[in-house]
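What follows is calculated from the coordinates using simple rules that are stated; it is not laboratory data. Predicted, not measured: the structure shown is a model, and the values here were computed from it. Note: ideal-geometry Cβ built from the backbone for every residue, glycine included; neighbour counts use all protein chains shown.
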Amino acid sequence: MTGIELLIKEHEYVKRMLVVMRKACFKLIEENKIDYNDFSKMISFVRNFADSHHHKKEEIFLFNKMVENLGETGKNIITHGMLVEHDLGRNYMRNLEIALSELRKGDKEAKLDVIANTISYTTLLENHIHKEDNVIFTYANRSLNKEILENIDRECFEYEEKNINTREENIGILNTLEDKYIE
């Protein structure tokens, strides 16, 4: 398995969480009930696995090499595309956290912001993952030389070994939430 194949595999975990998040919003609409603890777990998964664990590997090990080695095209698709979308996702999570706090305090209208930020995040990430899996990673595999790709592989797997607990803990969170929200 290569580092890029590892990133694609991790996308499967993220996509599974996106389904959970949508289902939790639908439950909020249908039953007018929210489990704040579950939403906290979703935010934790996004921050600790999707962002800190997965995006960190993309940003540090792959994207930096694309910017350094693939000229203006590499620079533009990463700095004006992928990194902007990573930041948008982080912003949706901050806004979701604020909305949950306001809803907990009794602001019933904040329910709209909980749903809007959650669904905006899921839509953003669905599209983002599709672009990475089908365009960005293919471009990197085709355009970066073998030595750079081998370096990316090594860095990704060294990072993975050092952070296996983060991975396993978050997959556990995902499995628990899927059991609750996915029929």
### Task
Could you work out how far the C-alpha centroid of the range 166-183 sits from that of the range 67-121, in angstrom?
22
### Dipole axis of the chain (+1 Lys, Arg; -1 Asp, Glu on Cβ), positive-most option in Ser101, Ile43, Met21
Ser101
### Query
Tilt of helix 164-181 relative to the longest C-alpha principal axis of the chain, in degrees (0 to 90, nearest 10)?
40
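Subtract the Cα-Cα distance of Arg104 and Lys146 from 0.36 nm times their separation in residues, and report this length gain in nm to one decimal.
So the chain would gain 9.9 nm between Arg104 and Lys146.
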### Task
Compute the label zone of Ile171 within the range 37-80: residues whose backbone N is under 17 Å from the point 7 Å along Cα-to-Cβ.
45-46, 48-51, 53-55
### Summary
Toy charge model, Lys and Arg Cβ at +1, Asp and Glu Cβ at -1: the chain dipole around Cα centroid in debye, rounded to 20, equals 360
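Below 8 Å between Cα atoms, with a sequence gap of 6+, how large is the relative contact order for the chain in percent?
40
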### Query
Cα convex hull of the range 109-183: mean projected area in nm², to one decimal?
7.5
### Kirkwood Rh (inverse of mean 1/r, distinct Cα pairs), the chain, angstrom
17.2
### Task
Would you mind counting up the charge near Asn64? Only other residues with Cβ under 14 Å from its Cβ, with Lys and Arg at +1 and Asp and Glu at -1.
0
### Query
Taking the chain as a Gaussian network, Cα atoms linked when under 10 Å apart, which of Lys131, Lys162, Lys15 shows the biggest mean-square fluctuation?
Lys162
